[in-house]
Amino acid sequence: MSRMTRDQALTHLLDGIQADLGACATVRELLERQFQAALRHRGAELSGLAEQLMPQLDAMEQRRQQRVQLVRALFGAQATMDDMLGSLAAPQRARATGDWAQLEQLVRDCKRATARNAALMADQYSVMQRVLHGEEQLYAPR
């Protein structure tokens, strides 16, 4: 942060939240498409979606790490986004707090969708292994 002023750092943080809002919406859509592709056993589509998801997730993680570093550089080693949001002027704080809450909700939605997709694909893999090993009553609970 040595080359960046406090105002520039805050602007960078707020811009990063906006970028993540857009990226997270894209990730959510890709996760829905992944779920549909898994339901329909579309392996090639699943591979293509993974190739689209990874750069989005990598960019979001990079912005998250930058956000943590900037907040800690500005407000101390144990600082959180709440510290940064609380430092903003009232009008800017209201918007940024709303954007941050929206981003947190989108991230939770993406995590739930990821867990759902992983569970579906793991179940499909398990069934396929049972088919390959000649088990009877493939769909009966174990």
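The values are calculated or read from the model by the stated rules, or taken from the named source; none is laboratory data. None of the values given here were measured: they were computed from a predicted structure. Cβ: placed from backbone, ideal geometry, glycine included. Neighbour counts: every protein chain shown. Note: accessible area is taken over every heavy atom of the protein model, side chains too, but ligands, DNA and RNA are not part of it. Shrake-Rupley method; radii C 1.70, N 1.55, O 1.52, S 1.80 Å.
Structure notes:
- Here the chain exposes an accessible surface that is 54 percent carbon and sulfur, computed with a 1.4 Å probe and the other protein chains kept in place.
- Calculated accessible area for the chain comes out at 64 Å² per residue, all protein chains present (probe 1.4 Å; ligands, DNA, RNA ignored).
- Separation of region 35-71 from region 72-142 is 12 Å, based on Cα centroids.
- Percent RCO, i.e. relative contact order, over the chain, from Cα pairs under 8 Å lying at least 6 residues apart: 33
- Over the chain, dividing the summed -39,500 (n - 2.57) contributions of all DSSP H runs of at least 4 residues by the number of residues returns a 222 nm mean residue ellipticity of -29500 deg cm²/dmol.
- With the simple spin-label model, which puts each label point 7 Å out from Cα in the Cβ direction, the Phe75 to Glu51 separation comes to 4.1 nm.
- Note: the chain, Cα convex hull, 142 Å³ per residue.
- The trypsin sites (Lys or Arg not before Pro) of region 31-124 meeting both criteria, a DSSP state outside H, G, I, E and B (loop) and at most 13 other C-beta atoms within 10 angstrom of the site's C-beta, are Arg40.
- Coil-residue chymotrypsin sites (Phe, Trp or Tyr not before Pro) of region 57-142, DSSP, other Cβ within 10 Å capped at 16: Tyr139
- Counting all C-alpha pairs of region 1-58, share separated by more than 15 Å (%): 59
- Span-rule helices in the chain, defined as complete DSSP H runs reaching 20 Å or more along the axis (Cα) with Kyte mean at least 0.0: 6-39
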